[in-house]
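What follows is a set of notes on a single structure, which appears directly below.
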Amino acid sequence: MSETSIDLAKGERSEDSFQASDFQFVQENEKLMDKTYKATSYAKDVWVHFTRNKGAVVGFVIIVIIIFMAIIGPMISGHTYDEIILKYQSLPPRIPGLDKLGIFNGFEHGKDVYAAKGASDVYYWFGTDTNGRDLFTRVWQGTRVSLIIALVAVVIDIVIGMSYGLISGYFGGKVDMIMQRIVEVLNGIPTLVVVTLLGLVLPQGMTSIIFALMITGWIGMSRIARAEVLKLKESEYVLASKTLGAKDFAIIFKDIMPNIFGQLIIMSMFSVPNAIFTEAFLSFVGLGIQPPMASLGSLISDGYKSLTIHPYMIMSSIVVLALLMLSFNLFADGLRDAFDPNQKQS
Amino acid sequence: MSKYVLKRLLISIATLLVILFVLFLMEDMMPGSPFNDEKLNAAQKAVLYAKYGLDQPFMIRFMKYLGAMLKGDLGVSYVINKNKAVSEMIMNPLWVSIRVGAQAMLVGSVLGLLLGIAAALNHNSWVDSLCSIISIIGVSVPSYVFALLLAYFIGFKLGWAPILYNAKSVASSLTLPTIALAMFPIANISRFTRSEMIDVLGSDYILLVQAKGVRENDLIFHHALRNTLIPIVTVMGPLLVNLLTGSMVVEKVFAIPGIGMLMVQAIQNNDYNVVIACAFVYSAMYILMMLIVDILYGVIDPRIRVAKGAD
């Protein structure tokens, strides 16, 4: 015990309350040094947050599998999407290996359809449709369409929505007023009406779907971008850039945009399920992808016609569509939480 | 407040006018004519065009239509129901569609709210997990997929409800469509209710209410729910719109003679006036819903009312 501590104790408190032996030194033998923890990079932080979210990882894995199958599926099946084999009409699913276990064995309503059609050595994994086309090939071909639409939706979101929001928010005043009124009017027209009418004016198929997305698909994104710019445009670095004589568009796209780009990309992931749904909806009503080309929506529409007789025809495309939308939702949720942990985790 | 409502009303009317104009323009660009499949020569077609005033310039037709519309006259059908007034034609389908939509919204919001509250009160329990699973599935799976699954399993396999619409037993034939359409609102509303409720229950004023010894039911339904409702009202607008889109396909699945079916039929037949009327009704309903939601927002939350009133 050192002298000073006793003196202090005496000086400040009554003599009996504390004894010197009441105290003991800690860290006496430790070298007091700053501990260096391993630095976590931003990317690693994001990775940790993302992988902790089970749903997001599952969603990501399913997306990767579906993309993979969409690429190689039509190649490995040995059929093309429009190849019609009339003698193999309406065959239920039959998968080698699993047929021994009593599932996917080509039986329908208690009868072996394959044997009845003299095709005991043929395997159609997802079955065939009423025209004798291989559903496995058609489902993955249709998935390609949905994935292309998804990609286009993201591009439209970013190119049109983001630029529109950035410009509207940055300039403010009259420009903002007019641009926002336009958005309000566009937003007032139900997508449904635009899409159905466009399907008639334009050639039906991809073009009309993409055009419909271009008219209404980007409005949500433009609102977010505008709100972000309103926050950022008063900041000091923008002022500094202005003082140095930067042009307006240089400030918008070189200074402000990189700061919000990541966030907006993540938000654009949320428009993917919506776009996929729009395509499936249009094709289901008969205004989207036209036969013999397949899309998930048109496959569901075809399968619906024989739903009560051959329910398997619709199931494969329904499952892929539901999985695709589900996993994109989960993935986008996970990404948002990982990149922005401050946001409310719902 | 009244100034704000007035401003919103003006914007809505302007939007409707623009929509009508765009619809007219699109109709004009549509390939084909209403008198396509009749065996008519050019001279006879010209007579028909003159009879219905289709030979006049675009702007004159538009202004005439607008003038007639203000008197409640939506023109006559050219193809589907020859020469019948469109305003009569769309009445019945409109009511069927509104009925399905309203039922779905009612079921969806009540169940969604209850599910969300249950999940928030039993945070991190099995109720909570169930709520998350339902909401994720409900948000991700399109309503017509639900409709098809319901039609197959409940309608066809179990035979509990009719698959196809029957005008004699409207209530029972609208059961499955209502459930199919309600899935999305249930999922969305329960998700929002849950996260908002958890937030509100953790706030100071709830602690105070608890300290005052208010009964639990009162606490949840009187004090907590009101604040929870504010953000939920904002999602109601988009939800209703989604319902409109969904209902069009669900109508096709269950063969309900609703406005969506009529519109598709009219588009396929180039029945100009019917297409315009259906699309316009859709837009008008949509804009009306947005308006109601906006005003409702101010009614529920006095803070917004004040802020907007000063605007």
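The values are calculated or read from the model by the stated rules, or taken from the named source; none is laboratory data. In this text the structure is predicted, and so the values were computed from the model without any measurement. Quick reminder, even Gly has a Cβ in these numbers, built from the backbone with ideal geometry, and neighbours come from all protein chains shown.
Exactly one residue among A:T143, A:T207, A:T130, A:T137 is more than 14 Å from chain B (Cβ to nearest Cβ), out of contact with any strand residue (DSSP E or B) (no Cβ under 8 Å at 6 or more places or on another chain), among the polar types (S, T, N, Q) and assigned to a loop (DSSP other than H, G, I, E, B), and that residue is A:T130. The listed residues are A:M315, A:M269, A:M325, and the only one of them that is within 14 Å of chain B (Cβ to nearest Cβ) and at pLDDT 85 or above turns out to be A:M325. Just one residue in the set A:L239, A:L197 is more than 9 Å from chain B (Cβ to nearest Cβ) and either in a helix (DSSP H, G or I) or at pLDDT below 85 (or both); that residue is A:L239.
Quick one: in the range A:173-188, which of the residues that are of a type in the set (D, E, K, R) and surrounded by 13 or more Cβ atoms within 10 Å (Cβ to Cβ) is farthest from the other protein chains (Cβ to nearest Cβ)? If you could, list the steps in order and put the result at the bottom.
Taking the range A:173-188 as the starting set, the residues that turn out to be of a type in the set (D, E, K, R) are A:174, A:176, A:181, A:184.
Filter once more, keeping what is surrounded by 13 or more Cβ atoms within 10 Å (Cβ to Cβ): A:176, A:181, A:184.
Values: A:D176: 15, A:R181: 8, A:E184: 6 Å.
Step by step, filter the range A:173-188, then rank; the result is A:D176.
For the range A:272-300, what are the residues that are of a type in the set (A, V, I, L, M, F, W, C), within 14 Å of chain B (Cβ to nearest Cβ) and either at positive phi or not in a helix (DSSP H, G or I) (or both)? Result: A:L287, single match.
Considering the range B:257-273 alone, what residues qualify as being of a type outside the set (S, T, N, Q) and farther than 18 Å from A:V195 by Cβ? Please lay out each step first, then the result.
Taking the range B:257-273 first, the residues of a type outside the set (S, T, N, Q) are B:257-264, B:266-267, B:271-272.
B:P257, B:D271, B:Y272, listed by residue number.
Here the range B:236-250 is the region considered, the condition is being within 14 Å of A:L282 (Cα to Cα) and more than 9 Å from chain A (Cβ to nearest Cβ), and the residue that is modelled with the highest pLDDT is B:V250.
Just one of the listed residues (B:G155, B:G116, B:G108, B:G138) is away from chain A (no Cβ under 14 Å) and in a helix (DSSP H, G or I), namely B:G108.
Among the residues of the range B:140-178, write down those that are among the polar types (S, T, N, Q) and under 22 Å from the mean Cα position of the chain (by Cα). Explain how you work it out, then say what you get.
The initial filter retains those residues of the range B:140-178 that are among the polar types (S, T, N, Q), namely B:140, B:143, B:166, B:169, B:172-173, B:175, B:178.
If the condition is that a residue be among the polar types (S, T, N, Q) and under 22 Å from the mean Cα position of the chain (by Cα), then B:S140, B:S143, B:S172, B:S173, B:T175, B:T178 are the ones that fit.
On the given criteria, is B:I206 within 14 Å of chain A (Cβ to nearest Cβ), farther than 17 Å from B:S109 by Cβ and part of a helix (DSSP H, G or I)?
Numbers: within 14 Å of chain A (Cβ to nearest Cβ): no; farther than 17 Å from B:S109 by Cβ: yes; part of a helix (DSSP H, G or I): yes.
In short, no.
Determine whether B:I292 is over 17 Å from B:G75 (Cβ atoms), assigned to a helix (DSSP H, G or I), more than 10 Å from chain A (Cβ to nearest Cβ) and at pLDDT 80 or above.
Values: over 17 Å from B:G75 (Cβ atoms): yes; assigned to a helix (DSSP H, G or I): yes; more than 10 Å from chain A (Cβ to nearest Cβ): yes; at pLDDT 80 or above: yes.
So B:I292 fits the description; yes.
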